[in-house]
Amino acid sequence: MTLRTQVCIAGGGPAGVLLGLLLARERVDVVVLEKHDDFFRDFRGDTVHPSTLNLIDDLGLRSAFDTIAHKPLPKLDAVVNGVRVHAIDFTSLPKPNRFLTLMPQWDLLDMLAEAGRQHPSFHLIMGAEVTGVRRDADGRVSGVHARTAEGDLGVEASLTVAADGRDSTVREALGMQPRDYGVPADVAWFRLPEPPTPLPDTLAWISEETMLVTFPRPGYLQSGMLIPKGSFDALRAEGIDAFRARIARAVPRLAAQAAELGSFENVKLLSVQINRLDRWHTPGALLIGDAAHAMSPAFGVGINYAVQDAVAAARLLAPALRSGAESVIDRAATAVQGRRERPTAMMQRIQRAVHARIATGRGVKILDDPPTRRQRIAMRLALPLLRPLAARIVGYGFRPERLR
C-alpha cells in the first residue's frame with residue numbers, strides 16, 4: 001500500500017508527534033510513523049521543562065496536561081558528598097511556569113497524539129517501522145518505506161522528517177554520520193520501590209564513589225547510576241550485592257529499597273551519547289531531535305530541545321509547504337538548522353563540561369563533609385548568583401521557541 005502526504009515524519013517521540021500536531025493545525029497533511037504499537041518505554045525521559053510547559057499553554061492543552069499525574073519541582077538540590085546544596089530555583093523564572101515537572105513520557109505523547117487526532121490532516125500510524133527512504137528520478141528524497149503487521153507500506157511525501165532518535169533509520173539510509181563528541185560515562189538504569197517517606201527533590205547524589213539520579217514515578221523511583229563508559233560488564237561481574245551496597249552508600253536513605261533490587265536482569269545499560277550532524281537536511285529531508293543531535297541525560301534537556309526543534313520546524317516549514325515548491329521547502333529545512341544549531345551546540349558544550357568534571361561515572365570530591373570555611377564562603381557568595389542563571393539555562397535552554 002502507498003500513501004501520499006505533504007509531510008512524512010519518521011518517529012513518534014516528542015519531536016515527531018508535536019511537529020505533526022503543529023503542522024496539522026496549519027492544515028498541512030501529515031503522516032507520523034511510530035514503529036512501536038504504543039508509547040510505553042522505560043528509557044524515555046520524564047522531564048517537562050518550563051519552556052515546554054509554556055508551549056503546552058500556547059496550544060491550549062494545559063487542562064488536559066493537568067489531569068495527568070505529574071510531579072512539579074520548583075527547586076532542585078544536589079547532595080554532594082553528604083552535603084545538600086540548593087542548586088536550581090525555578091521560582092526565579094517568569095510566571096506561570098516556574099517549575100520543572102516529571103511526567104512519564106508515554107502520558108505526554110498520548111496527550112499530544114490525542115490533540116493531533118482532532119485535526120483531519122493528522123495521521124498517526126502505530127506499529128509502522130521505517131526501513132528506508134524513497135527517492136525520485138533526480139535523487140531527491142520523496143518519502144519512506146515502512147513495514148507494518150499488515151505488510152509493506154510506502155509513503156510519498158514532499159518532505160520527509162527524521163525524528164526517529166539517536167539510532168535513526170532515516171539518517172542511516174541517507175548516509176549521514178553525526179560527529180561524536182565522546183562521553184566518559186554510561187548509566188545503569190533500574191527501578192527502586194518508593195520509600196515510605198518521600199525523598200527531598202534532588203537533582204543528583206554525588207559522592208567520591210559514584211553519582212546517582214532518582215526520578216519519582218507513580219509507585220517507584222526510576223533511578224540511574226553513572227558508571228565509566230564500557231564498565232557495565234565489570235559491574236555485573238561484581239554481583240548484585242555489591243551494586244546494592246553502592247546504591248546504599250550513595251543514598252543511605254534508599255538502603256532498604258536497594259535491598260529489594262532482585263538481580264542484574266533488572267538493571268539495564270543506557271549508553272550516553274553527545275553527537276551532532278554537520279548538516280541536518282538534504283533535498284527532500286530534514287532531521288530534528290536526537291536524529292540530528294543526541295543529547296546527554298545531563299539536566300534532562302533532550303525532550304526540551306527536541307520539542308523546540310519541532311516548534312521552529314513547524315513555524316518555518318508551514319508556509320513553504322503551502323507553496324508546494326521544492327526549492328522553497330528545502331530552503332525552509334535549511335533555515336531550521338540555521339535557527340536551532342547554535343543553541344544545541346551551546347547546550348552540548350555545557351553537557352560536555354559537566355561530564356568532564358562531575359558526571360564522569362567515577363565519582364568526584366567537590367566538597368568536604370562538613371564543608372571547610374572557604375567552601376562555605378564560596379557557596380554563600382556564588383550560589384545566589386548561579387541559581388537564577390541555572391534555572392534559565394536548564395528551564396528554557398538557549399533560544400527557547402514559542403508558537404508565535
Strands (runs of 3 or more DSSP E) lying entirely in the stretch 117-199 (those with 3 or more residues that are of a type in the set (F, W, Y) and in contact (Cβ under 8 Å) with a residue 12 or more places away in the chain) = none
query = Quick one: is M211 of a type in the set (A, V, I, L, M, F, W, C), in the same structural domain as R244 (by TED's automatic domain parsing) and modelled with pLDDT of 90 or more?
reply = yes
task = At least 3 residues that are under 27 Å from I288 (Cβ atoms) in each: list the strands (runs of 3 or more DSSP E) lying fully within the stretch 32-114 that qualify.
result = 100-102
task = Could you please let me know if S223 is touching a Phe, Trp or Tyr at 6+ places or on another chain (Cβ under 7 Å), among the hydroxyl-bearing types (S, T, Y) and surrounded by 14 or more Cβ atoms within 10 Å (Cβ to Cβ)?
result = yes
query = How many residues does the stretch 316-365 hold that are in contact with an Asp or Glu (Cβ under 6 Å, 6 or more places away or on another chain) and of a type in the set (K, R)?
reply = 2
remark   = Those residues of the stretch 323-338 which are part of a helix (DSSP H, G or I) and either under 19 Å from D138 (Cβ atoms) or of a type in the set (G, A, S) (or both) amount to S323, E326, S327, V328, I329, D330, R331, A332, A333, T334, A335, G338
key: Single match in V28, V7 (criterion: in contact with a Leu (Cβ under 7 Å, 6 or more places away or on another chain), of a type in the set (V, I, T) and closer than 22 Å to G60 by Cα)   = V28
remark   = Counting only residues in the stretch 154-201 that are under 30 Å from A256 (Cβ atoms) and among the hydrophobic types (A, V, I, L, M, F, W, C), the one modelled with the lowest pLDDT is identified as L199
key: Qualifying residue in the stretch 21-33 (condition: in the same structural domain as E326 (by TED's automatic domain parsing) and within 18 Å of the chain's Cα centre (by Cα))   = no
query = Only one residue in R244, R331 is among the charged types (D, E, K, R) and under 28 Å from R404 (Cβ atoms), so which one is that?
reply = R331
query = In the stretch 368-380, is there at least one residue being in contact (Cβ under 8 Å) with a residue 12 or more places away in the chain, among the charged types (D, E, K, R), closer than 25 Å to G82 by Cα and assigned to a helix (DSSP H, G or I)?
reply = no
inquiry  = Being within 22 Å of the chain's Cα centre (by Cα), surrounded by fewer than 18 Cβ atoms within 10 Å (Cβ to Cβ) and not assigned by TED's automatic domain parsing to the domain that holds A285: is that true of L385 here?
reply    = no
task = Sort out which residues of the stretch 200-209 are touching a helix residue (DSSP H, G or I) at 6+ places or on another chain (Cβ under 7 Å) and not in a loop (DSSP other than H, G, I, E, B), and write them in order of number.
result = W205
query = Right, L18: in contact with a Leu (Cβ under 6 Å, 6 or more places away or on another chain) and modelled with pLDDT under 95 or not?
reply = no
query = buried (at least 20 other Cβ atoms within 10 Å of the Cβ), hydrophobic (A, V, I, L, M, F, W, C), in the same structural domain as L316 (by TED's automatic domain parsing) and farther than 30 Å from V155 by Cα - does that describe any residue in the stretch 283-293?
reply = no
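The values are calculated or read from the model by the stated rules, or taken from the named source; none is laboratory data. Keep in mind it's a predicted model, so treat the numbers as computed, not measured. Every residue, glycine as well, gets a Cβ built from its backbone with ideal geometry; the counts of neighbours run over all protein chains shown.
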